[in-house]
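Undergrad: Here's a structure for you.
Just so it is clear, none of the values below were taken in a lab; they were calculated from the coordinates. Predicted, not measured: the structure shown is a model, and the values here were computed from it. FYI the Cβ positions are ideal-geometry reconstructions off the backbone, even for glycines, and counts take in every protein chain you see.
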Amino acid sequence: MNFCRTMVRVIVSTAACFFSALSFATACSSLDQEIHVIPKPVKIETAEGKFVLTEKTAVIIKSRDLIDVGRYLAEIIEPATGKRVKVESSWFPRSGGIVLRLDRSLKELGDEGYLFRCTPRWITITGARPAGVFYGVQTLRQLLPVEIESKQKIEGVVWTVPCLSIEDCPRFKWRGLLLDPARRFIAKDYIVKYIDLMALYKLNHLQLHLTDDQGWRIEIKKYPRLTEVGSIRKESPMPGNRKQGDGKPYGPFFYTQDQIREIVAYAAKRFVTIVPEIEMPGHSLAASVAFPELSCTGGPFEMRTKWGIEPDIYCAGNDRVFDFVQDVLIEVMDLFPSTFIHIGGDEAPKDRWNKCPKCQVRIQKEGLKDAHELQSYFVRRVDKFLTSKGRRLIGWDEILEGGVAPGATVMSWRGIKGGIAAASEGHDVVMSPTTHCYFDYAQGKGDSEPEAIGGFLPLEKVYGYEPLPDQLSADQKKHILGAQGNVWGEYMWTPQNIEYFSYPRACALAEVVWSPAKAKNFADFVCRVKANEKRLDVIGINYRKLDGQRK
Ligand SMILES: [Zn+2]
């Protein structure tokens, strides 16, 4: 059992922000004297004094397994301080060192927990595994002056860290976000910037929605036509007037396999798992544009230029479809080491299946009741294939309809009912309900907000989310792996849009999935977010300001 899920401890509050969230501007006036780590650590004990980074400060690693984390820390410190930071192995702690250690006996903190101690002479970060040390490094990053985020040397800053002890570990294993390059392509260079920011807040799963009716964004060597044809569309909905086309050809936009490898490797060094999503049986028009024989009607098709749901989906009565899907998944599994492979499974209208002779023969032959059970058949077949390759299938909660596949994990998005049903049956679940986790919803009211898909999800509501439903028993709750915020792409016209919709709501979600439930305090969180705005300014993020003003 995860130590952090069950522990009840005295949380040492680090900020005395006893005020309403609306009056943060005056109540958080002494920000610089406070500690503003997000997500809030499990336990902090403050002490007198400060550690100061100097010319002599080195990163000292006590295990070869920490070389990458040590170099990462040096790369964080060097640009802004202008100091060259040595990463060296040494058994003797020396003054001025930042010591990174592994202690396998710290099992109670789990793979991602860490101990952090700062004294005037040195800093030590200890974890049972490298991931824990990495998260201790993120805490160090947030304890340093915000200017540390600068890529240029900053003069006149004293690089101090307050003396304190921290004991910390996450409440949940899955702390995720989703990006949607299928609707609006997101360049590789921006994806890696997004990963950097996720790491700062100890988020560890990034789902990439790689295929949909409006675009196929991943190179598949066996089927080059997928991207030759499927990564281009005639036009897109017009910003501000979604019913009208913008008349601008879009694409070709896709990731080459080399680019995918670069993204995956970059993420791995930051302990972020990239979860690929290949949609099936619905949201698959891009594949049918390239290969019309994968559909029930045989086409021909054109790429969808509006958002929404497409009636033409893969034919479940055609074995060639399963050969195609498996070929694609083989290349996907080769690129993505993630245990979980997301197969979508949502919003698959059954109109075509109900009329398709091949699908009807399949229903009869397999003794299925209807088209919903045919979808279940489809998912089971893919689940069996992925399981045979040592991977695990995850899909949106529609995969429960007609019976959930034995190995499937469910991502509950249409509220939490699907998650409750799946966990009750012993399936693992990632919670991602529209009510609390859809970051494409508006976060403020009024004309100053950018166009959103609809809905309203303010920061406080995200922060108030509790991923463990009361309806589940203690044993069933163990199946809730965590939660994920989804930044769907329909209205994310630019990276700046993505940032505006993501932050600070992703910070709220980070605290939901990392910090102990009992430690949550929105007023205190708002205080830390306010201080955090300066850090995001230095990084260059177009976050939504707490006072609702656009930057
Ligand atoms: Zn069919």
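Undergrad: Okay, helix-only estimate at 222 nm for the chain: each DSSP H run of n ≥ 4 adds -39500 (n - 2.57), divide by all residues, round to 500 deg cm²/dmol; what do you get? Don't skip to the end; give the middle numbers.
TA: Values: 19 runs with 181 residues, N = 551.
When only DSSP H runs of four or more count, the value is -9500 deg cm²/dmol.
Undergrad: Before anything else, pin down the relative contact order of segment 320-391: Cα pairs under 8 Å, at least 6 apart, normalised by residue count, whole percent. Each step should come with its number before you reach the end.
TA: Values: 24 pairs, mean separation 27.8, N = 72.
Reported relative contact order: 39 percent.
Undergrad: Turning to a different aspect of this structure: Can you run the Rg to Rh ratio on segment 180-260? Use alpha carbon positions and the Kirkwood inverse-distance Rh. Numbers along the way, then the final one.
TA: Details: Rg = 14.4 Å, Rh = 13.9 Å.
Rounded to two decimals, Rg over Rh is 1.03.
Undergrad: While we're here: In whole percent, what relative contact order does the chain give with Cα contacts below 8 Å and a gap of six or more residues?
TA: On the way: 1199 pairs, mean separation 79.3, N = 551.
Relative contact order here is 14 percent.
Undergrad: What is the diffusion coefficient of segment 136-177 in µm²/s, taking the Kirkwood radius over Cα pairs and the Stokes-Einstein relation at 20 °C with a viscosity of 1.002 mPa s?
TA: Numbers: Rh = 12.8 Å.
Stokes-Einstein gives a translational diffusion coefficient of 167 µm²/s.
Undergrad: Could I ask something else about it? How long are the three semi-axes of the equivalent ellipsoid of the chain, in whole Å, if each is the root of 5 times an eigenvalue of the C-alpha gyration tensor, listed from largest down? List each step's numbers first, then the result.
TA: Values: eigenvalues 362, 120, 106 Å².
Working through the eigenvalues yields semi-axes of 43, 24, 23 Å.
Undergrad: Check segment 308-433 and count each lysine pair with an alpha-carbon distance under 18 angstrom, considering only pairs eight or more places apart or from different chains. Mind dumping the intermediate values first?
TA: Working: Lys350/Lys358; Lys350/Lys369; Lys355/Lys365; Lys355/Lys369; Lys358/Lys369.
Taking the Cα cut-off of 18 Å, the pair count is 5.
Undergrad: Given axes a ≥ b ≥ c from the Cα gyration tensor, I'd like to know whether segment 268-334 is rounded (a/c under 1.5), prolate (a/b larger than b/c) or oblate.
TA: On the way: a/c = 2.85, a/b = 1.59, b/c = 1.79.
Oblate is the answer for segment 268-334, as a/c is 1.5 or above yet b/c matches or exceeds a/b.
Undergrad: Then there's this: Given a cut-off of under 8 Å on Cα pairs at least six residues apart, what relative contact order in percent is computed for segment 104-254?
TA: Numbers: 228 pairs, mean separation 24.8, N = 151.
Relative contact order here is 16 percent.
Undergrad: Starting from the coordinates of the alpha-carbon atoms of segment 424-481, obtain the Kirkwood hydrodynamic radius over all distinct pairs and give the value in Å to one decimal.
TA: Values: mean 1/r = 0.0760 Å⁻¹.
The answer is 13.2 Å.
Undergrad: Classify segment 245-400 as rounded, prolate or oblate from the Cα gyration tensor: take a ≥ b ≥ c as the square roots of its eigenvalues, call it rounded if a/c is under 1.5, otherwise prolate when a/b beats b/c and oblate if not. Numbers along the way, then the final one.
TA: Details: a/c = 2.11, a/b = 1.28, b/c = 1.65.
Since a/c reaches 1.5 but b/c is at least a/b, the shape of segment 245-400 is classed as oblate.
Undergrad: Show me the ranking of peptides 107-118, 363-374 by mean Cβ neighbours inside 10 Å, starting with the highest.
TA: Details: 107-118: 21.2, 363-374: 15.2.
In descending order of packing, they fall as 107-118, 363-374.
Undergrad: If you bin the C-alpha pair distances of segment 145-289 every 5 Å from 0, what whole percents do you get?
TA: In order of increasing distance, the bins hold 2, 8, 14, 16, 15, 14, 11, 7, 5, 4, 3, 1, 0 percent.
Undergrad: Turning to a different aspect of this structure: Stokes-Einstein at 37 °C, 0.692 mPa s, Kirkwood radius from Cα pairs: D for segment 350-419 in µm² s⁻¹?
TA: Details: Rh = 12.7 Å.
The Stokes-Einstein estimate is 258 µm²/s.
Undergrad: For the chain, with the dipole built from +1 on Lys and Arg beta-carbon atoms and -1 on Asp and Glu ones, taken about the Cα centre, which of Gly132, Leu393, Ala517 lies farthest toward the positive end?
TA: Gly132
Undergrad: How large is the charge dipole for the chain, taken about the Cα centre, if only the Cβ atoms of Lys, Arg (+1) and Asp, Glu (-1) carry charge, to the nearest 20 debye? Walk me through the numbers on the way to the answer.
TA: Numbers: 75 positive and 68 negative charges, 224 e Å.
Using Cβ point charges on Lys, Arg, Asp and Glu, the chain gives about 1080 debye.
Undergrad: Once you order the gyration tensor axes a ≥ b ≥ c over the Cα atoms, which shape class does segment 82-214 get: rounded for a/c under 1.5, otherwise prolate or oblate by comparing a/b with b/c? Each step should come with its number before you reach the end.
TA: Values: a/c = 2.65, a/b = 1.50, b/c = 1.76.
Taking the square roots of the gyration eigenvalues as a ≥ b ≥ c, segment 82-214 is oblate.
Undergrad: Now, a different point. In whole Å, largest first, what are the principal axis extents of the Cα atoms in segment 50-151?
TA: Sorted from largest, the Cα extents of segment 50-151 read 36, 27, 25 Å.
Undergrad: Next question. How large is the Kirkwood hydrodynamic radius of segment 420-551, in angstrom, based on all distinct alpha carbon pairs?
TA: Details: mean 1/r = 0.0636 Å⁻¹.
So the Kirkwood estimate lands at 15.7 Å.
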